[in-house]
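Engineer: This structure is in structure tokens; I'll ask about it shortly.
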Amino acid sequence: MVLHRPAGRSRRSEPGSVSGTAATAGGAFGWSLANTLVSRLGTLVIGVILARVLGPTQFGTFAIAMVALMAVLSFNELGVSLAIVRWPGDPALIYATVNTISVVGSVLFCVVAWLAAPAFTALMGDPQATLVVRLLILSVILNGMVAGPAALLQRVFREKERLFVDQANTWIGAGISVILALLGFGAMALAMGRLAGALVAAVLFLRASPLAYRLGWSKQHVAPLLRFGLPLAGASIIVFATSYADQLTTGATLGTTALGFYLLAFNLSSWPLSIVSQPLRRVAPAAFSAIQSQPQEQKRVILALFTLVSCATAPAFGAIAGAAEPLVRMVYGSAWMPSAAVLSWLVVAAFSKVLCELAYDFIVVSGNTSVVLKLQGIGMLVSIPLMITGATLMGIIGVAVAQVSVSFLVLLPMYLWFLRGRDIRLRDVLARIGLPFLTGVLVGSTAALLAQSVADPLLAVLGAAAVSVTVISVLVYLRRAELAVIRRISRTESEMETR
């Protein structure tokens, strides 16, 4: 579905329009990357403290609440906020309507989730998590209120402002969580800290928004917005089910403590994924949208992104997989060692996921949201029985093995296959990711050798990290021409006027 700009309307003549900026996709990615690096460093330190204070069981209880929260956040604004990012005209035309849909949907789904919390926690085998779920789910309303302003910042590449908002969210929330955890609040400490951070972030998003916040209802735009957003919301629900089926399966079949071990491994495996993928996913949709009328340029951009993302993540994933045991022992302690074997598998799935997310954003901006829904539906149908079987036969390791199988053998091939419609051939993508993948395997083997031969876990981890950083630097240098492709993309006023 394509969102068309109303005829006869000029951006300059529209009151409250969002003026173009000289910000580039490359500059926005740089700010977003810095934002994510600082955030992840902070959450790593805080996470280590909380993991040692709370232990696997309390961590598992919080994981149950987070699954419930992420389930609702996957569809609470009905997918309409992304329409702001790819709207070909002035987003001020749809801003108020998007806000209204997002707020109403979020309040409605928050109420439903609140009422369903006891049944959900009983299904997950931890009824005591109900209060934690209900407290955490309140942040859905805050998310719905600021979905529009956040999308506006993403559209105009204002990741510098986003950095400030996210850092306030991270550090205020984490600080409160640590204090409350030390005071004995258990899993509630994590929920209360997260909610406090979300509240601060909501206020800052409203202040940073390029447009004054308002609610409204335009009958002219409601139907196009819902036609665009509902398939995307449906796909997001399935993405959630696919992404969190492992945690749901682990909690329901193996219990809260096993879920705590699995969650720790999952969080560690997501480090390279979130450092690169999170800032990329803030920038990529707007970048693709800025050149959506230039198919050949879109092709060059997505191939460049496949190259750079692979170079930046594959060696890091390999290092984590190879050095999983000394990493877990050094950072979290021997009580968390069951997480190490799971971590070695999950990083493989994470590499596939970062490539799938890039293809996902490209397909969505191209207007093929129904394709995304189909792909995720197939992935979910395949993954759930595999994970249940894996959990039954091999415990939490079996769940991780199932994740790898679905990610690499089902989802990634399907996403790459559907890119053919934009003249992006499979061999073109494989040519970009092949060398980084092989170097990732080499780095993983080196890290595993260090883990076995070096008695001190700190030295083993530092050695693996040094090898990984060196390889990433060499790969990015060799592919430095791809960076120029990204830097050329900008959201200038003149570019928007020519559409």
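The values are calculated or read from the model by the stated rules, or taken from the named source; none is laboratory data. As the structure is a prediction and not an experimental result, all values here were calculated from the model. Don't worry about glycine lacking a Cβ; one is built from the backbone with ideal geometry, like all the others, and counts go over all protein chains shown.
Engineer: If residue 435 satisfies all but one of (1) over 22 Å from the mean Cα position of the chain (by Cα); (2) loosely packed, with under 15 Cβ neighbours inside 10 Å, what's the number of the condition it fails?
Structural biologist: Among (1) over 22 Å from the mean Cα position of the chain (by Cα); (2) loosely packed, with under 15 Cβ neighbours inside 10 Å, the lone unmet condition for residue 435 is (2).
Engineer: Could you list all residues from region 372-397 that are surrounded by fewer than 23 Cβ atoms within 10 Å (Cβ to Cβ), modelled with pLDDT of 90 or more, closer than 24 Å to residue 415 by Cα and among the hydrophobic types (A, V, I, L, M, F, W, C)?
Structural biologist: 386
Engineer: Another question, then. Part of a helix (DSSP H, G or I), modelled with pLDDT of 90 or more and under 20 Å from the mean Cα position of the chain (by Cα), is that true of residue 400?
Structural biologist: yes
Engineer: If you don't mind, there's one more thing I want to ask. Just a yes or no: is a residue in region 236-246 at negative phi, at pLDDT 85 or above, in a helix (DSSP H, G or I) and crowded, with 20+ Cβ neighbours inside 10 Å?
Structural biologist: Yes, region 236-246 contains at least one residue that is at negative phi, at pLDDT 85 or above, in a helix (DSSP H, G or I) and crowded, with 20+ Cβ neighbours inside 10 Å.
Table: residues versus (1) of a type in the set (Ser, Thr, Tyr); (2) assigned to a helix (DSSP H, G or I); (3) within 22 Å of residue 148 (Cβ to Cβ).
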| site | (1), (2), (3) |
| --- | --- |
| 195 | no, yes, yes |
| 200 | no, yes, yes |
| 207 | no, yes, yes |
| 210 | no, no, yes |
| 217 | no, no, yes |
| 248 | no, yes, no |
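Engineer: Please return the ranges of helices (runs of 4 or more DSSP H) entirely within region 59-150 where 1 or more residues are of a type in the set (Lys, Arg). Reasoning before the result, please.
Structural biologist: Numbers: elements: 81-86, 92-123, 130-137.
In region 59-150, 81-86, 130-137 are the helices (runs of 4 or more DSSP H) which contain 1 or more residues that are of a type in the set (Lys, Arg).
Engineer: Also: Any residue in region 327-348 that is outside any helix (DSSP H, G or I), without any contact (Cβ under 8 Å) to a residue 24 or more places away in the chain and out of contact with any strand residue (DSSP E or B) (no Cβ under 6 Å at 6 or more places or on another chain)?
Structural biologist: Checking region 327-348: at least one residue is outside any helix (DSSP H, G or I), without any contact (Cβ under 8 Å) to a residue 24 or more places away in the chain and out of contact with any strand residue (DSSP E or B) (no Cβ under 6 Å at 6 or more places or on another chain).
Engineer: Moving on to the next point. Do we have any residue at all in region 292-300 that's buried (at least 24 other Cβ atoms within 10 Å of the Cβ) and either at negative phi or modelled with pLDDT under 80 (or both)?
Structural biologist: For region 292-300, residues buried (at least 24 other Cβ atoms within 10 Å of the Cβ) and either at negative phi or modelled with pLDDT under 80 (or both): absent.
Engineer: Moving to a separate point now. Which one of these is of a type outside the set (Phe, Trp, Tyr), crowded, with 22+ Cβ neighbours inside 10 Å, farther than 30 Å from residue 398 by Cα and touching a residue at least 24 places away in the same chain (Cβ under 8 Å): 193, 173?
Structural biologist: After applying the criteria, what remains is 173.
Engineer: So, residue 426, is that one surrounded by fewer than 22 Cβ atoms within 10 Å (Cβ to Cβ) and closer than 22 Å to residue 371 by Cα or not?
Structural biologist: Criteria met by residue 426.
Engineer: Would you confirm whether any residue within region 17-36 is at pLDDT below 80, among the aromatic types (Phe, Trp, Tyr) and part of a helix (DSSP H, G or I)?
Structural biologist: The answer is yes, given that some residue of region 17-36 is at pLDDT below 80, among the aromatic types (Phe, Trp, Tyr) and part of a helix (DSSP H, G or I).
Engineer: Would you point out which residue out of 467, 471, 461, 454 is modelled with pLDDT of 90 or more, crowded, with 17+ Cβ neighbours inside 10 Å and either within 30 Å of residue 298 (Cβ to Cβ) or not aliphatic (A, V, I, L, M) (or both)?
Structural biologist: Working: 467 fails: either within 30 Å of residue 298 (Cβ to Cβ) or not aliphatic (A, V, I, L, M) (or both); 461 fails: either within 30 Å of residue 298 (Cβ to Cβ) or not aliphatic (A, V, I, L, M) (or both); 454 fails: either within 30 Å of residue 298 (Cβ to Cβ) or not aliphatic (A, V, I, L, M) (or both).
Going through 467, 471, 461, 454 in turn, the sole match is 471.
Engineer: Could you tell me which numbered condition residue 345 fails, if it satisfies all but one of (1) at pLDDT 85 or above; (2) among the hydrophobic types (A, V, I, L, M, F, W, C); (3) over 18 Å from residue 270 (Cβ atoms)?
Structural biologist: (3)
Engineer: Moving on to the next point. Show the residue pairs meeting these rules: Cβ distance below 6 Å; 6+ apart or different chains; first residue within region 443-457 and in contact (Cβ under 8 Å) with a residue 24 or more places away in the chain; second residue in a helix (DSSP H, G or I) and among the charged types (D, E, K, R).
Structural biologist: Listed by first residue and then by second, the contacts come to 451/325; 457/329.
Engineer: Of a type outside the set (A, V, I, L, M, F, W, C), in a helix (DSSP H, G or I), under 28 Å from residue 230 (Cα atoms) and modelled with pLDDT of 85 or more, is that true of residue 162?
Structural biologist: Numbers: of a type outside the set (A, V, I, L, M, F, W, C): yes; in a helix (DSSP H, G or I): yes; under 28 Å from residue 230 (Cα atoms): yes; modelled with pLDDT of 85 or more: no.
So residue 162 does not fit the description; no.
Engineer: Which residues, counting only those in region 386-425, are within 18 Å of residue 295 (Cα to Cα) and small (Gly, Ala, Ser)?
Structural biologist: Within region 386-425, just 421 meets the criteria.
Engineer: While we're looking at this one, here's another question. Condition check: within 19 Å of residue 362 (Cβ to Cβ) and in contact with a helix residue (DSSP H, G or I) (Cβ under 7 Å, 6 or more places away or on another chain). Does residue 418 satisfy that?
Structural biologist: So residue 418 passes the test.
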